[in-house]
Amino acid sequence: MIKKGIKVAILTLLTYLLQVTVPPLIKYGSAPPNIALAVLAVVTVALGRKYIFLMSVAVGYLYEVMMPSMQYLNMLLYPICCMVAALFFADKSERKREEERVRSERPRPQLDPHLRGPLAAILSTVIYETVWLLYIYLTGVTVDSGHILRSVIVVVYTTLITAVIQFPLRKWLGVYKLKRLHTPKDRHISLFHRHRGGLN
C-alpha cells in the first residue's frame, strides 16, 4: 500500500510536469493532446476510483496554483472528468466481484482493460473539451467549426496517446503482476483455505 502510494505521488507530479511542458511541443496544428487526461485514464482503469480521485484533484490543484489564469476550471474539471469515466470503466474491486459472484453464478464480464483505458480517455476528454467550448462561448467568443475540429483532434490525439502509454504505465504500477496473483485458480484456493479456516 505504501509503495503504491509513493508511485501514485510520483506519477501525479510527473503527470503535471508533462502536461505543462510536452503538449505544446507535439501538438497537431493548434491541437495539443491532453497528456494529463491520458495518464489519468490509464490510472482510472488500473487503480480505481479512490486513487484517481486523489490524483485528479492534485493535478487540477497544481494546474491552478501554477496557472491562476485558468479560472479554477481545471481544479473542478479533472476530478469530474475522471470520476465520470471511473463510473463506467474502472476495475471492479475484489469486494464488488465477490458480491456479484454471490448474487449470480455468472457475473457480468468487464471489457478488456486495454480497451477500457482508451474509452475512459475518450469520455473524459470529450467532457473536458465540451466544458471548455461552453466556457469559450459564455465569454462571448463565437464557437465555430474550427473550435469544434480542434476539440475533435484533441480527443483523438489524447486517446491514441493513452493506447500507447497504458502498457508501460500499467506494468510500472504493478497491475500485470497483481492480475497474475488473482487468477481464478488462486481465488478458488484462497476460498478453500478461508472455508477450512472458518471450520476450524
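Read the figures in this text as sums done on the coordinates, not as results from a lab. If you're wondering where the values come from, they're calculated on a predicted model, not measured in any experiment. Cβ sites come from the backbone with ideal geometry, for glycine too, and all protein chains shown count toward neighbours.
Peptides 53-60, 41-48, ordered by how many other C-beta atoms sit within 10 Å of their residues on average, highest first, read 41-48, 53-60. Among the listed pairs Lys3/Lys50; Lys3/Lys171; Lys27/Lys50; Lys4/Lys171, those whose Cα-Cα separation exceeds 20 Å are Lys27/Lys50.
Annotation for His114 and Leu18: the two label points, set 7 Å from Cα along the Cα-Cβ direction, are 1.8 nm apart. If R0 is taken as 30 Å, the Cβ-Cβ distance between Ile6 and Leu149 corresponds to a FRET efficiency of 0.15. Report the FRET efficiency, 1/(1 + (r/R0)^6), for Val131 and Tyr176, where r is their Cβ-Cβ distance and R0 is 41 Å, rounded to 0.05. Calculated value: 0.75.
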